[in-house]
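Notes to accompany the following structure.
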Amino acid sequence: KGRIVICNKKALDFAGITSKEAEGIFFWDGPWWGDRERAMTVILNGIENGLKGKVTRSEARIFDSSGNPYYIDYSMSPITDKDGHVLYLISEGRDITDKINIEMEKQKLTDQLIHAQKMDALGQLAGGIAHDFNNMLTAISGSAEILASMNPEESQARRLCNNIIKSTQRA
């Protein structure tokens, strides 16, 4: 029915409760669950499967008595009598916190690498555009210098060519 009948010392120490506090409470009401709604759904599903003789397995985030998060690989298995009738369901958890933390760190580093690659590609694109633009400015500037040299110093055409040359130098 989902009530704790007996709890091992490690689980009690982890939760910071006594066996008297644990016994009789609904398993999903234990102080260790991070998401009670999800825990209740998974546990009720485990009970249903366990009563059919099946094992249920899931991953869960739990908290110790200090509020520190842990990840467990959680399973619920039926204990049967000699005739195959389910007497109890036993819940077991294996600490996979290190594995999950490594996976999260790996994902974070992958995301950072992808971002760096995007920035590198953007930098290469900008550099290519700047190079092409500089080539065009060089052609404009060179043509303006030739055109300026073909006009008298005080002419309107020479002043306009000099404006083009100054603008291309700034650009």
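The values are calculated or read from the model by the stated rules, or taken from the named source; none is laboratory data. Source: prediction; values computed, not measured. As a convention, Cβ positions derive from the backbone with ideal geometry for all residues, glycine included, and neighbour counts pool all protein chains shown. Ligands, DNA and RNA are stripped out before the accessible areas are found, and what is left, the full protein with its side chains, is counted by its heavy atoms. Shrake-Rupley method; radii C 1.70, N 1.55, O 1.52, S 1.80 Å.
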Review point. Quick check: is even one residue across segment 44-65 surrounded by fewer than 16 Cβ atoms within 10 Å (Cβ to Cβ), hydroxyl-bearing (Ser, Thr, Tyr), outside any helix (DSSP H, G or I) and modelled with pLDDT under 90?
Key: yes
Exercise for review: Out of 90, 114, report the one residue that is over 30 Å from residue 5 (Cβ atoms) and either basic (Lys, Arg) or out of contact with any Leu (no Cβ under 7 Å at 6 or more places or on another chain) (or both).
Suggested key: 114
Check your understanding: Take the residues of segment 108-167 that are more than 49 Å from the chain's Cα centre (by Cα) and basic (Lys, Arg): which is least open to solvent (accessible area, probe 1.4 Å)?
Key -> 158
Study note, to complete from the structure: Taking segment 18-33 and the residues there that are in a helix (DSSP H, G or I) and over 17 Å from residue 63 (Cβ atoms), the one that is nearest to the chain's Cα centre (by Cα) would be 19
Practice item. Give me the pairs, please: first residue somewhere in segment 135-147 and within 15 Å of residue 170 (Cα to Cα), second residue anywhere and outside any helix (DSSP H, G or I), beta-carbon distance under 6 Å, and either six or more positions apart or on two chains. Key: 137/171
Study note, to complete from the structure: Cβ pairs under 6 Å, 6+ apart or interchain, first in segment 1-29 and among the aromatic types (Phe, Trp, Tyr), second in a loop (DSSP other than H, G, I, E, B), ordered by first then second residue, are 14/64; 26/2; 27/2; 27/4
Revision key, fill the gap. Of 100, 6, the only residue that is surrounded by 17 or more Cβ atoms within 10 Å (Cβ to Cβ) and either modelled with pLDDT of 85 or more or part of a loop (DSSP other than H, G, I, E, B) (or both) is 100
